[in-house]
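Engineer: Here it is, the structure in full.
Rule-based calculations on the coordinates, nothing more; no lab input. Bear in mind the structure is a predicted one, so any value in this text is a computation, not a measurement.
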Amino acid sequence: MILRQQPLQSQRRAFSCVLLDMDGTLLDSAAGVTASAARALAAVGAAVPPAGDLVRLVGPPMLESFREHLGHDEVLARLALRHYRKAYADHGAHQSVPYTGIRELLEQLHRAGVPMAVATSKAEDQALRMARLFGMDHYFSVVCGASDQEARWSKADVIAEVLDRLKAAKVDVSAPLMVGDRSYDVAGAAVHGIPTVFAGWGYGSAGEEAGAAFVAPFPDGVLPVALP
């Protein structure tokens, strides 16, 4: 099922490649992300929000989330990020699972010859590890995330890097499509003129789909857009 949000100039065109977010789109990673964030905040002596509030940290760049929670104290936010990455590597990664229907979506796009890439605000080494852990890495021409020193951390920056790497790999990037579950995905893609399928199965709250070209309640809803 696919719900059109806003008309595209050319609804029937074939998209040349598909970019997918990771947390909340490919993987249900809330348990690992929230537990790791709680450990990080406790490690820097900050108040740890209730579990329900911590879920809002899934999706946005983690450094930005820590900045907001820690009163925009840059030193403390970056220290929390280091603790978070260690906690996630040690424990959180194994608490994630692929969403039902994601493997089938990737397989069908792969069989149709559609190049795919991961565009995530997760640290790139973590994203690569997760793709390999769940046997998804072979589907992607590029797996790109935030850089180690956070010089590249916004979704728009990550998408720019993905497009550059795809071009270098001789992938046609003339008509990309983004798939993501948060407003950050929609806004980041829009910077590059890329339409988004909003992943309704992820962590986005009401209203975050604003600006998306489509809303798909489940992964199979991406197919009518990517393969019209």
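Engineer: Mind listing the Cα extents of the range 59-140 along all three principal axes, in Å, largest one first?
Structural biologist: Principal-axis extents of the Cα atoms in the range 59-140, largest first: 47, 23, 20 Å.
Engineer: What is the Å³ per residue value for the convex hull set by the Cα atoms of the range 90-178? Before the final figure, lay out each step's value.
Structural biologist: Numbers: hull volume 9.2 nm³, N = 89.
Cα convex hull per residue, to the nearest whole number: 103 Å³.
Engineer: Can you tell me the Rg and the Dmax, both Å, for the Cα atoms in the range 129-228?
Structural biologist: Cα radius of gyration and Dmax of the range 129-228 are 13.8, 40 Å respectively.
Engineer: Oh, and also: Mind jotting down the distance between the C-alpha centroids of the range 126-182 and the range 55-118, whole Å?
Structural biologist: Using only Cα atoms to place each centre, the spacing works out to 12 Å.
Engineer: What translational D, rounded to a whole number of µm²/s, comes out for the chain from Stokes-Einstein when the hydrodynamic radius is the Kirkwood one over Cα pairs, at 20 °C and 1.002 mPa s? Don't skip to the end; give the middle numbers.
Structural biologist: Working: Rh = 17.5 Å.
D, rounded to a whole number, is 122 µm²/s.
Engineer: Additional query: Can you divide the C-alpha Rg of the range 180-228 by 2.2 N^0.38 Å and report the result to two decimal places? All intermediate terms of the calculation are to be shown ahead of the outcome.
Structural biologist: On the way: Rg = 10.0 Å, N = 49, 2.2 N^0.38 = 9.7 Å.
Here the Cα radius of gyration is 1.04 times the empirical estimate.
Engineer: How many percent of DSSP beta bridges within the chain run antiparallel, rounded to 5?
Structural biologist: Here the share of antiparallel DSSP bridges comes out near 20 percent.
Engineer: In straight Cα distance, which lysines are under 20 Å from LYS155, not counting same-chain residues fewer than 8 positions off?
Structural biologist: LYS122, LYS167
Engineer: Could you tell me what fraction of 2.2 N^0.38 Å the Cα radius of gyration of the range 30-94 comes to, as a two-decimal ratio?
Structural biologist: Working: Rg = 10.3 Å, N = 65, 2.2 N^0.38 = 10.7 Å.
Compactness ratio reported: 0.96.
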